[in-house]
């Protein structure tokens, strides 16, 4: 996949993040996203910033994701519908400390107005296709807090199998789901 190529199923498209996604990214940062995806202390640091500092931080993060896209080992995607740009986020990371080296960790988040519409499940399936086309990863891992019902639905909807429950560093119970990308 070239750095500007896209994957689409006709309903959603995944594409490389761009700095022009800044407003949608800022709007996506709500209580639900913070609860499930942010590390301890991130919330406090975020709200200690002025609105301009928050915007500058997001722009820098989007620029970094854009610039590092071609090389990996992490690829971050915006999820677009045919009508609306950047309704969700999905990434795959082959160097995540929570999965075996060379295997893919998948993370995702639907923006508030677009939750429960199936866009994330479609995007995750496209990420599986991307991984098959561009990496040697054999498995995709989706690790979800056992209380995050929406994200658990996505993991099951894409065909990932629950394989392990464990307690993370913050004392939360997590469920690891695995999907074979190649072979049986």
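Quick test of your reading of the structure: residue 117 fulfils all but one of (1) at pLDDT 95 or above; (2) in contact with a helix residue (DSSP H, G or I) (Cβ under 8 Å, 6 or more places away or on another chain). Name the failing condition by number.
(2)
Against the definition (farther than 16 Å from residue 112 by Cα, touching a helix residue (DSSP H, G or I) at 6+ places or on another chain (Cβ under 9 Å) and modelled with pLDDT under 85), how does residue 49 come out, yes or no? It would help to see each step written out before you state the result.
Values: farther than 16 Å from residue 112 by Cα: yes; touching a helix residue (DSSP H, G or I) at 6+ places or on another chain (Cβ under 9 Å): yes; modelled with pLDDT under 85: no.
No; evaluated as a whole, the condition is false for this residue.
Among the residues of segment 167-181, are any in a strand (DSSP E or B), touching a helix residue (DSSP H, G or I) at 6+ places or on another chain (Cβ under 6 Å) and surrounded by 16 or more Cβ atoms within 10 Å (Cβ to Cβ)? Steps first, answer last, please.
Step one: list which residues in segment 167-181 are in a strand (DSSP E or B), which gives 167, 173-180.
Now drop any that are not touching a helix residue (DSSP H, G or I) at 6+ places or on another chain (Cβ under 6 Å), which leaves 177.
After this cut, where a residue has to be surrounded by 16 or more Cβ atoms within 10 Å (Cβ to Cβ) as well, the list is 177.
Yes; the residues of segment 167-181 include at least one that is in a strand (DSSP E or B), touching a helix residue (DSSP H, G or I) at 6+ places or on another chain (Cβ under 6 Å) and surrounded by 16 or more Cβ atoms within 10 Å (Cβ to Cβ).
Could you grab the pairs with beta carbons closer than 9 Å, sequence gap of 6+ or different chains, first residue in segment 166-181 and free of Cβ contacts under 8 Å to residues at least 24 places away in the same chain, second one part of a loop (DSSP other than H, G, I, E, B)?
168/98; 169/40
Restricting to segment 82-95, and then to whatever is in contact (Cβ under 8 Å) with a residue 24 or more places away in the chain and more than 22 Å from residue 30 (Cβ to Cβ), can you tell me which residue is surrounded by the most Cβ atoms within 10 Å (Cβ to Cβ)?
My answer is 92.
Table: residues versus (1) closer than 22 Å to residue 9 by Cβ; (2) surrounded by fewer than 23 Cβ atoms within 10 Å (Cβ to Cβ); (3) at pLDDT 95 or above.
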site: 125; (1), (2), (3): yes, yes, yes
site: 133; (1), (2), (3): yes, yes, no
site: 137; (1), (2), (3): yes, yes, yes
site: 143; (1), (2), (3): no, yes, yes
site: 158; (1), (2), (3): yes, yes, yes
site: 162; (1), (2), (3): no, yes, yes
site: 165; (1), (2), (3): no, yes, yes
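Return the pairs, sorted by first residue and then second, in which the second residue is at pLDDT below 95 and surrounded by fewer than 17 Cβ atoms within 10 Å (Cβ to Cβ), the first residue lies in segment 122-136 and is part of a loop (DSSP other than H, G, I, E, B), the beta carbons are less than 7 Å apart, and the residues are 6+ apart or on different chains.
136/102
Search segment 10-37 for residues that are under 15 Å from residue 107 (Cβ atoms) and pair each with any residue that is assigned to a helix (DSSP H, G or I) when their beta-carbon atoms are under 6 Å apart and the residues are at least 6 apart or on different chains.
14/123; 14/126; 17/62; 17/65; 17/66; 25/58; 34/43
Condition first: outside any helix (DSSP H, G or I), surrounded by 12 or more Cβ atoms within 10 Å (Cβ to Cβ) and at pLDDT 80 or above. Now tell me which residues in segment 10-46 satisfy that.
Within segment 10-46, 11, 12, 13, 14, 15, 16, 17, 18, 29 meet the criteria.
Of all residues in segment 67-81 being touching a residue at least 40 places away in the same chain (Cβ under 8 Å) and over 18 Å from residue 28 (Cα atoms), which is nearest to the chain's Cα centre (by Cα)? Can you show your working first?
Taking segment 67-81 and keeping what is touching a residue at least 40 places away in the same chain (Cβ under 8 Å), we get 69-70, 72, 75-81.
From what is left, the residues that are over 18 Å from residue 28 (Cα atoms) are 69-70, 72, 75.
Details: 69: 14, 70: 17, 72: 14, 75: 9 Å.
Checking each candidate, the answer is 75.
The values are calculated or read from the model by the stated rules, or taken from the named source; none is laboratory data. As the structure is a computational prediction, the values presented were derived from the model and not from experiment. Cβ atoms come from the backbone with ideal geometry, glycine included; neighbour counts cover every protein chain shown.
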